[in-house]
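Peer 1: Handing you this structure, nothing more for now.
Coordinate-derived values only; no laboratory data. In this text, all values refer to a predicted model and were calculated from it rather than measured experimentally. Every residue, glycine as well, gets a Cβ built from its backbone with ideal geometry; the counts of neighbours run over all protein chains shown.
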Amino acid sequence: MAGPGKGPFPGILNPHGHWKEGRLTDTKDGSAAARCISFARQGMVAFTYDMVGYNDTHFAKASHDQPSYDNHRSFGAARGDQLWSISLMGLQTWNSIRALDFLESLSDVDRKRLACTGESGGGTQTFMLGSIEDRLAAQAPIVMVSHTMQGGCSCENAPGLRVEYSNMELAAAAAPRPQLLVAATGDWTKMTLTVEGPAIAHIYDLFNDRDHFDYVRFDFGHNYNQTSREAVYSRFGKWLLHNSDPNSLREAPYQKEPDADLRVFPDGKLPEDAMTREQFTESLRKLHQAQWEAMIPRNQAGMEKFKQVMLPAWRHNLQVEWPTPQPEIAQTGRREIGEFSRATLSITGCGEEGSLLLTYWEPRHPPGGPARKLVVLASSDNAPASPNEDVAPSGLLRDLLQHHIAVMEVAHYSGRTAPDPFANFYTTYNRTKAQQHVRDLLTICALGKRMHSQVILLGVGAAGFYALLASPAADAVIADAAALENCEEQALLSPDLFCPGIRNFGVFEGPALLAAPHPLLVHHLSREVPAAGLRSGYKALRAESHLRIESDRVADEVLVRWAAAL
């Protein structure tokens, strides 16, 4: 630090973009060295660190014949990693948090004047850190915040990240803390002056802090060149140094140190205990499994803590809103069929393409007035259309009605047929089939509670899995668990069951425990599928009698009697 004045000084994090040489790049289009040297001259402490796979930040036994970019993207690339929420973006964001911890720990750094700036993929790291870290006093994401291109690398994409939001909202999450966007006419930020900038400025207006946000655009290609850097110097100088004279913050000629002097391991040799990528991934899986096992409730206090922690995790991993917003409902085609009446319900406003269609059945003359109980009957896929709308109900549906229980049968789930969920960052922007079906079931149960005093969710086939995941929405759940088979990785990666992060809360046990002590009947559950957490939770609430787990398939008439007895 060669700047004027006495410390403590502002501290600036400097993540880099996908340059071939990473933080060691020093060209006319971008140079981490240039901005770090300039920040230091101005009176600030600057720290730059590697993306995963670049320079010093690589795994043991990583190939040195591959470009850094390829090593970079190899972490978190296995499909099974998504079941544990293991991703390159997650690791890189954690690295940014730890880099901020390091910067904050330095004795000559002012903890109240921490900031972050980076370009391209480093711009993504900047606004992502700003969206989760209140410690930043200012940020400047460069040539990245766009309403169109959201990030083309796995370090910029994680499941669920942009299902409801875009990079504009993520960048706006920093409001009202000071922020500068720097854009270029030659890349995807070319509309910043008319789209992204004004949109984010409106959020700052809501805080009456419009002077804390600025956006500029320069006539260059994708860059973090001297012109762009000087725009950042002027704003950081104003916000962090209280220096409003941009001329005093111009970039002077500099000399970058040799690469070997800027490396931690210039010979490429890592410490002896450094992990390979495979070892590190396995350590994360074991960590997440241990965290889940530690969260399993064993007494009343443990259950309260479990729900406090796991409810937000359930909401996030399933990509659901809770409580569920009121949907728009249309009823058509009500008719009487023998002892029963039938109507078609169409629900819109579920946030997906297409309506959610239900067939609503109820006994015409139940003893004691309208049916008190409702069963939401869900199968794994859309029910086939009946060739005769006047056909009488049969099987499980008829048995439920004859026990004076109304039934909402899922005729058509909302949403479109999902393509390959592992291609083109699909899960970053879209719900999987399982997530969307669970969301639909939450909506149906919310509707059912407006019409009946007790809602029982009954899942058949793969929908038994969906019912377990949607357990918090119902007063009781009956779930056919056959689709889970043995709960091994390959089964959970199937298109019907795939849900990112599902391993982190015991697959189905966590969601089911969130509804405890509501009655739960799980049948056709393989003895190989873990259920100890479920049993422990119900025991903690002294509600063992409310839990029934059967390895064999339970006959329909038994399920009906169980529901009728609730």
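Peer 1: Name the residues of the stretch 11-36 whose amide N is less than 15 Å from a point 7 angstrom out from the Cα of Glu230 along the C-beta direction?
Peer 2: The answer is 29, 35, whose backbone nitrogens lie closer than 15 Å to the label point.
Peer 1: Starting at the first residue of the stretch 18-29, write each ³J(HN,Hα) from the Karplus equation 6.51 cos²θ - 1.76 cosθ + 1.60 with θ = phi - 60°, in whole Hz, x for Gly and Pro.
Peer 2: 7, 5, 4, 9, x, 5, 8, 4, 8, 10, 5, 8
Peer 1: List, in the order given, every pair from Lys28/Lys238; Lys286/Lys307; Lys28/Lys190; Lys190/Lys433 whose Cα-Cα distance in the structure shown is over 27 Å.
Peer 2: Over 27 Å apart, Cα to Cα: Lys190/Lys433.
Peer 1: Can you give me the distance in nm between label points at Arg98 and Glu489, each placed 7 Å from the Cα along the Cα-to-Cβ direction?
Peer 2: 2.3
Peer 1: Find the percent of Cα-Cα distances in the stretch 9-282 that exceed 32 Å, and round it to a whole number.
Peer 2: Here the long-distance tail beyond 32 Å is 20 percent of all Cα pairs in the stretch 9-282.
Peer 1: Still on this structure, please answer the following. What is the percent of Cα-Cα separations in the stretch 425-566 that go past 24 Å?
Peer 2: 26
Peer 1: Could I ask something else about it? Just to verify a number: FRET efficiency for Arg364 and Ala565, C-beta to C-beta distance, R0 = 30 Å, to 0.05?
Peer 2: 0.80
Peer 1: Taking 7 Å along the Cα-to-C-beta vector as the label spot, tell me the His202-Asp56 distance in nanometres, rounded to one decimal.
Peer 2: Here the modelled spin labels are 4.5 nm apart.
Peer 1: Continuing with the same structure: Under a plain spin-label model, where a point goes 7 Å from the Cα along Cα-to-Cβ, how far apart in nm are Glu21 and Asn424?
Peer 2: With each label point 7 Å from Cα toward Cβ, the separation is 3.7 nm.
Peer 1: Please list 309-321, 10-22 highest first by mean number of surrounding beta-carbon atoms within 10 Å per residue.
Peer 2: Top of the packing list down: 10-22, 309-321.
Peer 1: If you don't mind, there's one more thing I want to ask. Over the Cα atoms of the chain, Rg to Rh with Kirkwood Rh, two decimal places?
Peer 2: Computed over Cα atoms, the ratio is 1.06.
Peer 1: Go ahead and run the numbers for FRET between Met191 and Asp245, Cβ-Cβ distance against an R0 of 30 Å, rounding to 0.05.
Peer 2: Efficiency at R0 = 30 Å is approximately 0.45.
Peer 1: Further, regarding this structure: Rounded to the nearest 0.05, what FRET efficiency is calculated for Tyr254 and Trp322 with R0 set to 51 Å and r the Cβ-Cβ distance?
Peer 2: E between Tyr254 and Trp322, to the nearest 0.05, is 0.45.
Peer 1: On full extension of the chain, what length is gained from Asp261 through Arg542, given 0.36 nm per residue of separation minus the C-alpha to C-alpha distance?
Peer 2: Result for the pair: 94.8 nm of gain on full extension.
Peer 1: Given the C-alpha centroids of the stretch 419-434 and the stretch 107-129, what is the distance between them in whole angstrom?
Peer 2: Cα centres, the stretch 419-434 to the stretch 107-129: 30 Å.
Peer 1: Oh, and also: Show me 92-104, 507-519 ranked by packing, highest mean number of other Cβ atoms within 10 Å first.
Peer 2: My ranking of the peptides, most packed first, is 507-519, 92-104.
Peer 1: Mind ordering 334-347, 364-377, 169-182, 221-234 by average Cβ neighbours within 10 Å, highest first?
Peer 2: 169-182, 221-234, 364-377, 334-347
Peer 1: Further question on the same structure: Working out 0.36 nm times the residue gap between Ala294 and Ile337, then minus their Cα-Cα distance, what length gain in nm do you get to one decimal?
Peer 2: My answer for the length gained is 10.2 nm.
Peer 1: In whole Hz and in residue order, list the ³J(HN,Hα) couplings for the stretch 50-67 that follow from phi through the Karplus curve 6.51 cos²θ - 1.76 cosθ + 1.60, θ = phi - 60°; x for Gly and Pro.
Peer 2: Result, rounded to whole Hz: 7, 5, 4, x, 9, 6, 8, 9, 10, 7, 4, 6, 5, 5, 8, 8, 8, x.
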